[in-house]
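Scroll down for the structure; my scribbles are underneath it.
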Amino acid sequence: MQIGIFTVGDVTTDPTTGHTPSEHERIKATVAIAKKAEEIGLDVFATGEHHNPPFIASNPTATLAYIGAQTERIILSTATTLITTTDPVLIAEDYAKLQHLTDGRNDLMMGRGNTGPVYPWFGKDIRQGINLAIENYALLRRLWSEDVVDWEGRFRTPLQGYTSTPRPLDGVAPFVWHGSIRSPEIAEQAAYYGDGFFHNHIFWPKSHTEQMVRLYRERFEHYGHGTAEQAIVGLGGQFFIRPNSQDAVREFRPYFDNAPVYGHGPSLEDFSEHTPLTVGSPQQVLERTLSFREYAGHYQRQLFLVDHAGLPLKTVLEQLDLLGEILPEMRKGFAEGRPASVPDAPTHASLVAAAGGAKDATVHAADTMTGTTDRAGDIEEEVQS
């Protein structure tokens with residue numbers, strides 16, 4: 001079981017102090033949070049991708065590479081990579097490069113995104129969101145698995161004899177999760193390829209999560225990737241912890257009431273009752289989190305949103321310390337009753353092993369810029385002569 005955190009990178013005014021962090025402050029805070037996540041023993045840090053204010057989560061590969069240089073163990077992921085508006089050629093290059101820089105400590109979560117204006121900003125039509133996700137991902141898989149790609153589709157210019165560089169580390173592409181809140185087509189896509197399915201799980205009631213996860217598991221089995229219980233599932237979640245539950249509610253309420261997404265809507269109590277948001281003591285958060293298995297089954301990845309709605313960095317780091325205190329019990333709880341047939345979350349090492357071992361996937365192709373077809377061979381001949 002992989003346990004971690006994710007951020008959407010919102011720049012939100014702290015309703016208790018009136019302070020609005022600068023973009024610089026928020027970017028640096030993201031790095032500090034990721035480093036703290038590794039310090040307390042979490043397995044995953046993930047960042048979203050947004051291209052509009054009030055967010056600082058554009059260019060996730062730059063952020064993750066910078067964090068990767070300052071960490072040693074934690075897996076670096078996205079939540080999400082916009083497969084609809086980002087060119088799959090760029091995704092193939094960027095995340096393979098990140099693989100090499102982090103020695104395979106990365107994967108990524110594909111998603112359509114929930115910001116409508118981003119589509120025309122990148123020359124795309126939001127009405128084609130599902131079709132873009134399907135076509136772009138099909139191309140991305142080919143770019144990672146085939147050394148030379150000829151391709152033609154509906155939404156970008158054709159490719160002729162194209163090689164994406166660098167090639168995936170050890171000949172194995174990063175593992176892909178497909179993230180969705182409400183789109184069954186994305187669950188179907190994840191199942192079709194045998195990839196992971198990540199349900200956002202922070203806004204909707206558990207009945208909706210149960211329905212989406214069940215669909216994915218059933219279709220995963222339908223496509224012959226294994227049994228339904230062997231499907232690779234991830235869930236989101238939210239919490240706010242204080243040693244005393246009353247203090248947690250009192251302190252978090254102004255942040256909840258003014259949050260950009262759900263503020264000025266349902267009460268904190270109603271939202272906590274009908275969604276996975278847990279505001280309370282460490283024991284309450286532990287018990288609520290372990291209860292997710294009741295409707296999602298045994299799953300592979302649990303990520304929490306902890307740094308949103310204007311919470312100051314000091315408070316977020318305190319939240320992570322409190323999570324660290326219950327982390328051993330959370331791991332123990334997730335392990336209890338877990339059938340041996342349920343696989344672990346995929347890692348680079350496990351994917352390499354499944355592929356029969358690492359291989360150097362470097363493509364030594366013709367140099368079309370200078371006209372020299374095999375520069376290494378030419379140099380060798382000159383030296384020998």
Breaking point among (1) of a type outside the set (Gly, Ala, Ser); (2) more than 30 Å from Arg253 (Cα to Cα); (3) assigned to a helix (DSSP H, G or I); (4) in contact (Cβ under 8 Å) with a residue 12 or more places away in the chain, for Arg331 | (2)
Residue that is surrounded by the fewest Cβ atoms within 10 Å (Cβ to Cβ) [pool: residues in the range 58-71 that are touching a helix residue (DSSP H, G or I) at 6+ places or on another chain (Cβ under 7 Å) and assigned to a loop (DSSP other than H, G, I, E, B)] = Gln70
Residue set Glu221, Glu269, Glu229, Glu185; condition charged (D, E, K, R) and closer than 30 Å to Thr13 by Cβ; output residue Glu269
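Assess whether Pro117 counts as being open to solvent by 20 Å² or more (accessible area, probe 1.4 Å) and either among the polar types (S, T, N, Q) or closer than 21 Å to Ile33 by Cα (or both).
Judged against the criteria, Pro117 is not a match.
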Any idea which of Glu93, Glu38, Glu25 is closer than 26 Å to Pro343 by Cβ and among the charged types (D, E, K, R)?
-> Glu38
Scan the range 140-180 residue by residue and report those that are over 11 Å from Tyr95 (Cβ atoms), touching a Phe, Trp or Tyr at 6+ places or on another chain (Cβ under 8 Å), open to solvent by less than 30 Å² (accessible area, probe 1.4 Å) and among the hydrophobic types (A, V, I, L, M, F, W, C).
-> Val149, Leu159, Trp177
Out of the residues in the range 1-48 that are free of Cβ contacts under 8 Å to residues at least 40 places away in the same chain and among the basic types (Lys, Arg), which is surrounded by the most Cβ atoms within 10 Å (Cβ to Cβ)?
-> Arg26
Only residues that are over 20 Å from Ala354 (Cα atoms) and not in a strand (DSSP E or B): list them for the range 148-173, please.
-> Val148, Glu152, Gly153, Arg154, Phe155, Arg156, Thr157, Pro158, Thr163, Ser164, Thr165, Pro166
Restricting attention to the range 295-328, and to residues there that are among the charged types (D, E, K, R) and either free of Cβ contacts under 8 Å to residues at least 12 places away in the same chain or part of a loop (DSSP other than H, G, I, E, B) (or both), which single residue is nearest to Asp10 (Cα to Cα)?
-> Asp307
Looking at Ser58, is it among the hydroxyl-bearing types (Ser, Thr, Tyr) and at pLDDT below 95?
-> yes
Failed condition for Ala296, given (1) open to solvent by less than 70 Å² (accessible area, probe 1.4 Å); (2) within 23 Å of Gly324 (Cα to Cα); (3) modelled with pLDDT of 95 or more; (4) in contact with a strand residue (DSSP E or B) (Cβ under 8 Å, 6 or more places away or on another chain), with all others met?
-> (2)
So which of Glu329, Glu336 ends up being open to solvent by 10 Å² or more (accessible area, probe 1.4 Å) and under 21 Å from Pro243 (Cα atoms)?
-> Glu329
Looking at the range 146-167, which of its residues are closer than 11 Å to Ala365 by Cβ and touching a Leu at 6+ places or on another chain (Cβ under 6 Å)?
-> none
Are there any pairs, at least 6 apart or on different chains, whose C-beta atoms fall under 6 Å, with the first in the range 223-240 and hydroxyl-bearing (Ser, Thr, Tyr) and the second open to solvent by less than 60 Å² (accessible area, probe 1.4 Å), and if so, which?
-> Tyr223/Ala191
Condition check for Ala92: small (Gly, Ala, Ser), touching a Phe, Trp or Tyr at 6+ places or on another chain (Cβ under 7 Å), surrounded by 22 or more Cβ atoms within 10 Å (Cβ to Cβ) and in a helix (DSSP H, G or I) | yes
Taking the range 196-243 and the residues there that are open to solvent by less than 10 Å² (accessible area, probe 1.4 Å) and among the small types (Gly, Ala, Ser), the one that is farthest from Leu317 (Cα to Cα) would be Ala231
Sole residue being small (Gly, Ala, Ser) and under 20 Å from the mean Cα position of the chain (by Cα), chosen from Gly48, Gly18 | Gly48
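The values are calculated or read from the model by the stated rules, or taken from the named source; none is laboratory data. Keep in mind the model is a prediction, meaning the values are calculated, not measured. Here Cβ is always computed from backbone atoms with ideal geometry, including for glycine, and neighbour counts include all displayed protein chains. Surface areas here come from the heavy atoms of the whole protein model, side chains and all, with no ligands, DNA or RNA. Shrake-Rupley method; radii C 1.70, N 1.55, O 1.52, S 1.80 Å.
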